[in-house]
(Lines give C-alpha, C1' and ligand atoms only; values in the text may rest on other atoms or scores of the structure.)
Protein backbone atom coordinates (compact mmCIF):
# COMPACT_ATOMS: atom_id res chain seq x y z
CA UNK A 1 0.00 0.00 0.00
CA UNK A 2 1.35 3.43 -0.95
CA UNK A 3 -0.65 6.51 -0.02
CA UNK A 4 -0.99 9.42 -2.37
CA UNK A 5 -0.12 12.96 -1.35
CA UNK A 6 -3.58 13.74 -0.01
CA UNK A 7 -4.95 10.23 0.34
CA UNK A 8 -7.61 9.65 2.94
CA UNK A 9 -6.34 7.64 5.89
CA UNK A 10 -8.29 5.47 8.24
CA UNK A 11 -9.57 7.00 11.45
CA UNK A 12 -8.13 5.76 14.73
CA UNK A 13 -5.07 6.48 16.83
CA UNK A 14 -1.49 6.56 15.69
CA UNK A 15 -0.01 3.49 17.38
CA UNK A 16 3.65 3.42 18.36
CA UNK A 17 5.69 0.61 19.87
CA UNK A 18 9.16 0.48 21.31
CA UNK A 19 11.44 1.07 24.25
CA UNK A 20 10.78 3.79 26.82
CA UNK A 21 13.34 4.27 29.57
CA UNK A 22 13.73 6.20 32.79
CA UNK A 23 15.86 9.30 32.29
CA UNK A 24 18.18 10.95 34.79
CA UNK A 25 19.31 14.40 33.64
CA UNK A 26 22.01 16.64 35.06
CA UNK A 27 20.56 19.91 36.30
CA UNK A 28 23.65 21.93 35.40
CA UNK A 29 26.16 21.96 32.57
CA UNK A 30 29.56 20.42 33.18
CA UNK A 31 31.17 17.01 33.67
CA UNK A 32 28.71 14.56 35.18
CA UNK A 33 31.06 13.65 38.02
CA UNK A 34 30.80 17.22 39.31
CA UNK A 35 27.01 17.47 39.07
CA UNK A 36 25.39 17.63 42.51
CA UNK A 37 21.73 17.47 41.50
CA UNK A 38 19.80 15.51 38.86
CA UNK A 39 16.20 15.22 37.71
CA UNK A 40 14.32 11.96 37.21
CA UNK A 41 12.05 11.62 34.21
CA UNK A 42 11.50 9.36 31.23
CA UNK A 43 11.98 9.29 27.49
CA UNK A 44 11.94 7.15 24.37
CA UNK A 45 11.61 7.95 20.70
CA UNK A 46 8.28 6.21 20.15
CA UNK A 47 6.66 7.48 23.35
CA UNK A 48 7.97 10.99 22.54
CA UNK A 49 6.12 10.79 19.22
CA UNK A 50 2.95 9.63 20.99
CA UNK A 51 3.08 12.51 23.47
CA UNK A 52 3.76 15.01 20.68
CA UNK A 53 0.76 13.73 18.74
CA UNK A 54 -1.53 14.08 21.73
CA UNK A 55 -0.42 17.66 22.34
CA UNK A 56 -1.19 18.37 18.68
CA UNK A 57 -4.68 16.96 19.09
CA UNK A 58 -4.12 13.54 17.47
CA UNK A 59 -5.08 10.33 19.26
CA UNK A 60 -2.08 8.15 20.06
CA UNK A 61 -1.22 4.88 21.77
CA UNK A 62 2.09 3.34 22.85
CA UNK A 63 2.93 -0.34 23.28
CA UNK A 64 5.98 -1.69 25.06
CA UNK A 65 7.55 -3.46 28.04
CA UNK A 66 8.66 -1.87 31.29
CA UNK A 67 9.89 -3.42 34.50
CA UNK A 68 7.57 -4.20 37.37
CA UNK A 69 9.33 -1.49 39.32
CA UNK A 70 9.00 2.15 40.34
CA UNK A 71 10.61 3.39 37.13
CA UNK A 72 7.99 1.49 35.16
CA UNK A 73 5.34 3.15 37.31
CA UNK A 74 6.82 6.54 36.45
CA UNK A 75 6.71 5.90 32.71
CA UNK A 76 3.11 4.74 32.70
CA UNK A 77 2.01 7.62 34.92
CA UNK A 78 3.61 10.19 32.58
CA UNK A 79 2.12 8.64 29.45
CA UNK A 80 -1.34 8.44 30.97
CA UNK A 81 -1.08 12.04 32.21
CA UNK A 82 -0.37 13.11 28.64
CA UNK A 83 -3.46 11.32 27.37
CA UNK A 84 -1.55 8.53 25.62
CA UNK A 85 -3.17 5.09 25.67
CA UNK A 86 -0.42 2.93 27.19
CA UNK A 87 -0.46 -0.82 26.51
CA UNK A 88 2.40 -2.05 28.67
CA UNK A 89 3.64 -5.46 29.69
CA UNK A 90 5.00 -5.29 33.25
CA UNK A 91 8.07 -7.52 33.26
CA UNK A 92 8.87 -9.01 36.67
CA UNK A 93 12.11 -10.58 35.40
CA UNK A 94 13.82 -7.55 33.87
CA UNK A 95 14.19 -3.93 35.01
CA UNK A 96 13.07 -0.78 33.27
CA UNK A 97 15.94 0.61 31.20
CA UNK A 98 17.81 3.72 32.27
CA UNK A 99 19.53 6.54 30.41
CA UNK A 100 21.59 9.35 31.88
CA UNK A 101 21.90 12.71 30.13
CA UNK A 102 25.07 14.71 30.70
CA UNK A 103 25.13 18.36 29.66
CA UNK A 104 28.88 18.44 29.08
CA UNK A 105 28.72 22.14 28.19
CA UNK A 106 26.19 24.59 26.76
CA UNK A 107 26.57 23.07 23.26
CA UNK A 108 27.22 19.37 23.85
CA UNK A 109 24.96 16.73 25.36
CA UNK A 110 25.96 13.13 26.01
CA UNK A 111 23.47 10.34 26.70
CA UNK A 112 24.56 7.13 28.42
CA UNK A 113 22.32 4.07 28.05
CA UNK A 114 21.91 1.19 30.52
CA UNK A 115 19.67 -1.11 28.54
CA UNK A 116 21.30 -4.58 28.25
CA UNK A 117 18.73 -7.17 29.27
CA UNK A 118 16.15 -4.56 30.22
CA UNK A 119 12.42 -5.02 29.87
CA UNK A 120 12.18 -3.03 26.62
CA UNK A 121 14.62 -5.34 24.84
CA UNK A 122 12.37 -8.30 25.67
CA UNK A 123 9.43 -7.06 23.57
CA UNK A 124 8.08 -10.07 21.67
CA UNK A 125 5.33 -10.80 19.12
CA UNK A 126 2.98 -12.03 21.85
CA UNK A 127 3.14 -8.55 23.41
CA UNK A 128 1.70 -6.90 20.30
CA UNK A 129 -1.95 -5.85 20.56
CA UNK A 130 -3.05 -6.78 17.04
CA UNK A 131 -6.58 -5.46 17.53
CA UNK A 132 -5.24 -2.02 18.46
CA UNK A 133 -2.99 -1.91 15.38
CA UNK A 134 -5.88 -2.98 13.15
CA UNK A 135 -7.92 -0.05 14.52
CA UNK A 136 -5.12 2.48 13.94
CA UNK A 137 -4.72 5.19 11.34
CA UNK A 138 -0.93 4.75 11.30
CA UNK A 139 1.55 2.36 12.91
CA UNK A 140 4.76 4.24 13.76
CA UNK A 141 8.01 2.41 14.48
CA UNK A 142 11.69 3.31 14.62
CA UNK A 143 14.97 1.59 13.88
CA UNK A 144 15.75 1.41 17.58
CA UNK A 145 13.37 -1.46 18.38
CA UNK A 146 14.70 -4.01 15.86
CA UNK A 147 18.24 -3.19 17.04
CA UNK A 148 17.52 -4.06 20.68
CA UNK A 149 17.39 -7.84 20.34
CA UNK A 150 16.37 -10.62 17.92
CA UNK A 151 13.03 -11.05 19.69
CA UNK A 152 12.29 -7.30 19.55
CA UNK A 153 13.09 -7.44 15.83
CA UNK A 154 10.54 -10.21 15.38
CA UNK A 155 7.98 -8.14 17.29
CA UNK A 156 8.64 -5.18 14.98
CA UNK A 157 8.06 -7.18 11.80
CA UNK A 158 5.02 -8.88 13.30
CA UNK A 159 3.46 -5.49 14.03
CA UNK A 160 4.25 -4.30 10.51
CA UNK A 161 2.59 -7.32 8.93
CA UNK A 162 -0.51 -6.90 11.11
CA UNK A 163 -0.75 -3.30 9.93
CA UNK A 164 -0.24 -4.12 6.26
CA UNK A 165 -2.80 -6.91 6.27
CA UNK A 166 -5.32 -4.53 7.85
CA UNK A 167 -4.60 -1.71 5.40
CA UNK A 168 -3.02 0.48 8.09
CA UNK A 169 -0.29 2.88 6.96
CA UNK A 170 3.21 2.27 8.34
CA UNK A 171 5.56 5.08 9.38
CA UNK A 172 9.27 4.39 9.92
CA UNK A 173 11.93 6.65 11.41
CA UNK A 174 15.38 5.09 10.89
CA UNK A 175 16.72 6.59 14.16
CA UNK A 176 20.10 4.84 13.88
CA UNK A 177 21.92 4.06 17.14
CA UNK A 178 25.58 3.19 16.62
CA UNK A 179 25.90 1.66 20.08
CA UNK A 180 23.29 -0.95 19.18
CA UNK A 181 24.50 -2.16 15.78
CA UNK A 182 26.81 -1.47 12.85
CA UNK A 183 25.80 0.05 9.52
CA UNK A 184 26.09 -3.28 7.72
CA UNK A 185 23.81 -4.94 10.28
CA UNK A 186 21.20 -2.17 10.15
CA UNK A 187 21.07 -1.64 6.37
CA UNK A 188 19.26 -4.87 5.32
CA UNK A 189 16.75 -4.53 8.16
CA UNK A 190 16.07 -0.93 7.23
CA UNK A 191 15.50 -1.92 3.62
CA UNK A 192 12.98 -4.60 4.59
CA UNK A 193 11.07 -2.10 6.69
CA UNK A 194 11.20 0.71 4.11
CA UNK A 195 9.78 -1.65 1.49
CA UNK A 196 6.78 -2.09 3.79
CA UNK A 197 6.38 1.56 4.81
CA UNK A 198 4.31 4.48 3.57
CA UNK A 199 6.22 7.19 5.46
CA UNK A 200 10.00 7.12 5.95
CA UNK A 201 11.95 9.67 7.99
CA UNK A 202 15.74 9.81 8.12
CA UNK A 203 18.68 12.11 8.66
CA UNK A 204 21.09 12.39 5.76
CA UNK A 205 23.68 10.11 7.39
CA UNK A 206 20.95 7.58 8.22
CA UNK A 207 19.60 7.52 4.68
CA UNK A 208 23.11 6.88 3.35
CA UNK A 209 23.28 3.69 5.43
CA UNK A 210 20.55 2.31 3.18
CA UNK A 211 21.03 3.93 -0.22
CA UNK A 212 24.66 5.02 -0.19
CA UNK A 213 26.15 8.50 -0.76
CA UNK A 214 24.20 10.98 -2.85
CA UNK A 215 24.74 14.47 -4.23
CA UNK A 216 22.23 15.93 -1.81
CA UNK A 217 19.19 15.35 0.43
CA UNK A 218 16.66 15.45 -2.42
CA UNK A 219 18.43 12.58 -4.15
CA UNK A 220 18.47 10.65 -0.88
CA UNK A 221 14.71 11.17 -0.56
CA UNK A 222 14.18 9.96 -4.13
CA UNK A 223 16.22 6.83 -3.46
CA UNK A 224 14.23 6.04 -0.31
CA UNK A 225 11.03 6.60 -2.26
CA UNK A 226 12.23 4.18 -4.94
CA UNK A 227 12.51 1.49 -2.26
CA UNK A 228 8.78 1.79 -1.66
CA UNK A 229 8.11 4.77 0.59
CA UNK A 230 5.29 6.96 -0.70
CA UNK A 231 6.52 9.81 1.47
CA UNK A 232 10.28 10.02 2.04
CA UNK A 233 11.40 12.82 4.35
CA UNK A 234 14.98 13.86 5.09
CA UNK A 235 15.41 15.65 8.42
CA UNK A 236 18.25 18.19 8.27
CA UNK A 237 18.15 19.81 11.70
CA UNK A 238 19.11 23.49 11.51
CA UNK A 239 18.96 23.25 7.70
CA UNK A 240 15.29 22.29 7.67
CA UNK A 241 13.94 19.33 5.73
CA UNK A 242 13.19 18.00 2.26
CA UNK A 243 10.66 15.45 1.08
CA UNK A 244 9.68 13.46 -1.98
CA UNK A 245 6.00 12.58 -2.03
CA UNK A 246 4.25 10.91 -4.97
CA UNK A 247 7.27 11.89 -7.08
CA UNK A 248 7.06 15.60 -6.17
CA UNK A 249 9.86 17.42 -4.35
CA UNK A 250 9.41 19.70 -1.32
CA UNK A 251 11.83 21.86 0.66
CA UNK A 252 11.30 23.53 4.03
CA UNK A 253 13.68 25.84 5.88
CA UNK A 254 14.17 25.44 9.62
CA UNK A 255 12.81 28.01 12.04
CA UNK A 256 15.80 29.98 13.37
CA UNK A 257 16.30 29.49 17.09
CA UNK A 258 19.06 29.28 19.68
CA UNK A 259 18.76 25.67 20.85
CA UNK A 260 18.95 24.63 24.49
CA UNK A 261 18.63 20.84 24.06
CA UNK A 262 18.14 19.12 20.68
CA UNK A 263 17.27 15.65 22.05
CA UNK A 264 13.74 14.71 20.99
CA UNK A 265 13.51 17.28 18.19
CA UNK A 266 13.40 14.58 15.51
CA UNK A 267 10.55 12.82 17.30
CA UNK A 268 8.59 16.07 17.47
CA UNK A 269 9.28 16.60 13.77
CA UNK A 270 7.80 13.20 12.89
CA UNK A 271 4.71 13.81 15.02
CA UNK A 272 4.14 17.20 13.43
CA UNK A 273 4.28 15.74 9.93
CA UNK A 274 1.99 12.81 10.70
CA UNK A 275 -0.53 14.91 12.63
CA UNK A 276 -0.94 17.37 9.76
CA UNK A 277 -1.13 14.55 7.23
CA UNK A 278 -4.01 13.00 9.16
CA UNK A 279 -5.77 16.37 9.00
CA UNK A 280 -5.57 16.21 5.21
CA UNK A 281 -3.01 19.02 4.93
CA UNK A 282 -0.58 19.38 2.04
CA UNK A 283 2.96 18.03 2.26
CA UNK A 284 4.22 21.61 2.47
CA UNK A 285 2.03 22.21 5.50
CA UNK A 286 3.15 18.92 7.04
CA UNK A 287 6.80 19.97 6.72
CA UNK A 288 6.17 23.43 8.18
CA UNK A 289 4.39 21.95 11.18
CA UNK A 290 7.18 19.38 11.54
CA UNK A 291 9.97 21.96 11.75
CA UNK A 292 7.85 24.13 14.04
CA UNK A 293 7.35 21.32 16.54
CA UNK A 294 11.02 20.34 16.31
CA UNK A 295 12.10 23.92 17.02
CA UNK A 296 9.89 24.13 20.11
CA UNK A 297 11.48 20.96 21.52
CA UNK A 298 14.97 22.46 21.16
CA UNK A 299 14.07 25.44 23.35
CA UNK A 300 13.50 23.36 26.49
CA UNK A 301 15.66 20.84 28.34
CA UNK A 302 14.24 17.33 28.18
CA UNK A 303 13.21 14.78 25.57
CA UNK A 304 9.53 15.74 25.31
CA UNK A 305 8.72 18.42 27.85
CA UNK A 306 9.00 21.24 25.27
CA UNK A 307 6.56 19.67 22.81
CA UNK A 308 3.98 22.33 21.88
CA UNK A 309 0.25 22.44 21.40
CA UNK A 310 -0.96 23.99 18.16
CA UNK A 311 -2.04 27.13 20.04
CA UNK A 312 1.62 27.76 20.89
CA UNK A 313 2.95 27.72 17.33
CA UNK A 314 2.77 31.49 16.82
CA UNK A 315 4.79 32.17 19.96
CA UNK A 316 8.03 30.82 18.53
CA UNK A 317 8.27 33.74 16.10
CA UNK A 318 6.90 36.39 18.45
CA UNK A 319 9.12 39.35 19.30
CA UNK A 320 7.32 39.80 22.60
CA UNK A 321 8.68 37.39 25.26
CA UNK A 322 5.73 37.82 27.64
CA UNK A 323 2.15 36.87 26.73
CA UNK A 324 -0.53 38.85 28.59
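The values are calculated or read from the model by the stated rules, or taken from the named source; none is laboratory data. Everything numeric in this text was worked out from a predicted model, so none of it was measured. All Cβ positions, glycine included, derive from the backbone under ideal geometry; neighbour counts span all protein chains shown.
Applying a threshold of 9 Å to beta carbon distances and a minimum spacing of six or more residues, or different chains, the list of pairs starting in segment 111-127 at a residue that is without any contact (Cβ under 8 Å) to a residue 40 or more places away in the chain and on the phi < 0 side of the Ramachandran plot and ending at one that is part of a helix (DSSP H, G or I) and surrounded by 21 or more Cβ atoms within 10 Å (Cβ to Cβ) reads 124/152; 124/155; 125/155; 125/159; 126/155. Taking strands (runs of 3 or more DSSP E) as the structural unit, those lying wholly within segment 1-119 and holding at least 2 residues that are within 25 Å of residue 132 (Cβ to Cβ), modelled with pLDDT of 95 or more and touching a helix residue (DSSP H, G or I) at 6+ places or on another chain (Cβ under 9 Å) correspond to 14-17, 21-26, 60-67, 85-91. Scanning segment 162-174 for residues that are over 19 Å from residue 212 (Cβ atoms) and buried (at least 16 other Cβ atoms within 10 Å of the Cβ) yields 162, 163, 164, 168, 169, 170, 171, 173. Of the strands (runs of 3 or more DSSP E) lying entirely inside segment 213-310, those containing at least 3 residues that are buried (at least 24 other Cβ atoms within 10 Å of the Cβ) and modelled with pLDDT of 95 or more are 231-235, 241-245. None of 18, 12 is surrounded by fewer than 18 Cβ atoms within 10 Å (Cβ to Cβ) and within 30 Å of residue 226 (Cα to Cα) except 12.
Determine which member of the set 141, 151 is at pLDDT 95 or above, closer than 22 Å to residue 185 by Cα and surrounded by fewer than 16 Cβ atoms within 10 Å (Cβ to Cβ).
Selected residue: 151, the only one of 141, 151 that is at pLDDT 95 or above, closer than 22 Å to residue 185 by Cα and surrounded by fewer than 16 Cβ atoms within 10 Å (Cβ to Cβ).
When each of 193, 209, 189 is tested for being in contact with a helix residue (DSSP H, G or I) (Cβ under 9 Å, 6 or more places away or on another chain) and buried (at least 23 other Cβ atoms within 10 Å of the Cβ), the lone residue that passes is 193.
Pairing residues of segment 241-261 that are on the phi > 0 side of the Ramachandran plot with residues that are surrounded by fewer than 18 Cβ atoms within 10 Å (Cβ to Cβ), at Cβ distances under 7 Å and at least 6 apart in sequence or on separate chains, gives 246/4; 246/5. The listed residues are 29, 50, and the only one of them that is exposed (fewer than 15 other Cβ atoms within 10 Å of the Cβ), closer than 22 Å to residue 111 by Cα and in contact with a strand residue (DSSP E or B) (Cβ under 6 Å, 6 or more places away or on another chain) turns out to be 29.
For segment 68-109, taking the residues that are free of Cβ contacts under 8 Å to residues at least 24 places away in the same chain and in contact with a strand residue (DSSP E or B) (Cβ under 7 Å, 6 or more places away or on another chain), the one that is nearest to residue 307 (Cα to Cα) is identified as 80.
Residue check: residue 203 meets all listed conditions (1) surrounded by fewer than 23 Cβ atoms within 10 Å (Cβ to Cβ); (2) touching a residue at least 40 places away in the same chain (Cβ under 8 Å); (3) in contact with a helix residue (DSSP H, G or I) (Cβ under 6 Å, 6 or more places away or on another chain) but one, namely (3).
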